[in-house]
Each structure stands twice: as structure tokens, then as C-alpha cells.
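Worksheet: one structure, shown below.
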Amino acid sequence: MSYQSMDIANLIVSLGIESEDYLTNLKLQKVLYFLNASFLVEKDKPLLDESFSRWTYGPVIESVYSEFKTYGSSPITETKPIIKTNGKPFDYDVIPFDVNKVGISADDLEDLKANFAQLNQFDPFTLVNKTHEESLWYEYEKAITTYSAPRYNNDEIKEYFSKHTSEQIWKK
């Protein structure tokens, strides 16, 4: 079972806040990508319910990018609440992010925290460069510049990282 991308993004942002090592949107995107790869390789399931787009600076979950783009290149200092509509115009609830209400299994949460701790040691552009070294990105570089590159799919991500174990940077 995969999780909603914003729930995992909020979890990662909250871990960055807790550690006082805040993430930028750019770094958040790359951390999400490598965390998703770790789940594909190690648990044989995707972490996220959305696929990554191929962008100039590497893989991006567009919905997550949009939620945090107001930060620009600045550190993200707050999680995003869930807006729950109640069926009437202007009638909604704003629900703060709470990891205990997301439904992440204890085992998955433990793995996410451990892998995040490893990935968070890298600066954003080291992570960008890592994604650019992958054939999953550089074989589409020309299409990326014309906004015509296909989305990443989980099968190709799993295959790539299964064959290139030295690229499993969440383990190092």
C-alpha cells in the first residue's frame, strides 16, 4: 500500500523541523524520490501514490512542489495542513498535520526515519547531481528541456536501483 504524497512530504518536513535541519522544496523532492526508491527496492512497494515528473533539477512530485513553492529556495518551516471541505461554499476545516493520524505503519515509519536521517546528510545539489547521473534522468535530458519527458514509473526506478546497488544512498 502506498501513502498519499502530501502525507509523506509533511512527515519529511516535520522530521527536518525536529532536527532543526530544515529542507528546501528542492531537497524535499529529492529525498522523496530516494525514499520511494528505497521502498520499491526493499519492500517491493511504492511509498507514494503519485509518480515523479522529470524536471531540470531531477524528479519532482508536482502536487507537493505546488504546496511548498511559496517557500521558493528558502527552508520549509511548517507542514501543510489538510483542508477538508464540508460540502458547502466556504465551509471547511483546517486540520494540522499529525503523523499519528496518517496511518503510516510503525515498521514503515521506522524505515522512513532511518532513511531520512541518512539522506538528510546530503545537500540539495549533491542529491540533484546524483539523480542527473542516473540513466533514468540523463537519457531524457533533451525531452526534459522541451517539457516532453515522460514521468518516471516505479518499475524503472526499482529496476535501476536494484541493478545499481551502489546508488542506494539511503543505506550508506
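Roll a 1.4 Å probe over the protein chains and send me the accessible area per residue for region 5-164 in Å². Can you show the working numbers first?
Working: 8470 Å² over 160 residues.
On a per-residue basis, 53 Å².
If packing is taken as the average number of other Cβ atoms within 10 Å across a peptide's residues, how do 119-131, 32-44 rank, most packed first? Intermediate results must be reported in sequence, preceding the final value.
Values: 119-131: 17.0, 32-44: 20.9.
Per-residue mean Cβ counts within 10 Å order the peptides as 32-44, 119-131.
Per residue of region 56-73, what does 6.51 cos²θ - 1.76 cosθ + 1.60 with θ = phi - 60° give for ³J(HN,Hα)? Whole Hz please, x for Gly and Pro, Karplus curve as stated.
3, 9, x, x, 9, 8, 4, 5, 5, 3, 4, 5, 9, 5, 5, 6, x, 9
So, with a 1.4 angstrom probe, what is the percent of accessible area on the chain that is carbon and sulfur?
Details: 4560 of 9250 Å².
Answer for the chain: carbon and sulfur cover 49 percent of the accessible area.
Which cross-chain or sequence-distant (5 or more) residues have an amide H under 5 Å from the amide H of Leu48, H modelled 1.01 Å from N in plane?
Close amide H contacts, sequence-distant or interchain: Tyr3.
Put +1 on the Cβ of each Lys and Arg and -1 on the Cβ of each Asp and Glu in region 5-164; which of Val99, Phe68, Phe34 then has its Cα farthest toward the positive end of the dipole?
Farthest towards the positive pole: Phe68.
What list of ³J(HN,Hα) values in whole Hz, one per residue of region 118-124 in order, does the Karplus curve 6.51 cos²θ - 1.76 cosθ + 1.60 (θ = phi - 60°) give from phi, with Gly and Pro shown as x?
5, 5, 5, 6, 8, 7, x
With the cut-off at 25 Å, tell me which of the pairs Lys43/Lys113; Lys27/Lys113; Lys101/Lys130; Lys101/Lys158; Lys80/Lys101 have Cα atoms farther apart than that.
Details: Lys43/Lys113 15 Å; Lys27/Lys113 16 Å; Lys101/Lys130 33 Å; Lys101/Lys158 29 Å; Lys80/Lys101 14 Å.
From Lys43/Lys113; Lys27/Lys113; Lys101/Lys130; Lys101/Lys158; Lys80/Lys101, over 25 Å: Lys101/Lys130; Lys101/Lys158.
Which ³J(HN,Hα) values in Hz, rounded to whole numbers, follow from the phi angles of region 110-116 under the Karplus curve 6.51 cos²θ - 1.76 cosθ + 1.60, where θ = phi - 60° and Gly and Pro get x?
So the J values, rounded to whole Hz, are 4, 5, 4, 5, 5, 5, 4.
Using a simple spin-label model with points 7 Å from Cα along the Cα→Cβ vector, what separation in nm is obtained for Val102 and Asp44?
Here the answer is 2.5 nm between the modelled labels.
Roughly how far apart, in whole Å, are the Cα centres of region 39-59 and region 99-172?
6
So for the pair Glu156, Asn129, with labels modelled 7 Å out along Cα→Cβ, what separation do we get in nm?
It is 2.4 nm.
The values are calculated or read from the model by the stated rules, or taken from the named source; none is laboratory data. Predicted model, so just to flag it, every value in this text is computed and none were measured. Please note: Cβ atoms are built from the backbone with ideal geometry, for glycine as well, and neighbour counts cover all protein chains shown. Please note that ligands, DNA and RNA were not included when accessible areas were found on the heavy atoms of the full protein model with its side chains. Shrake-Rupley method; radii C 1.70, N 1.55, O 1.52, S 1.80 Å.
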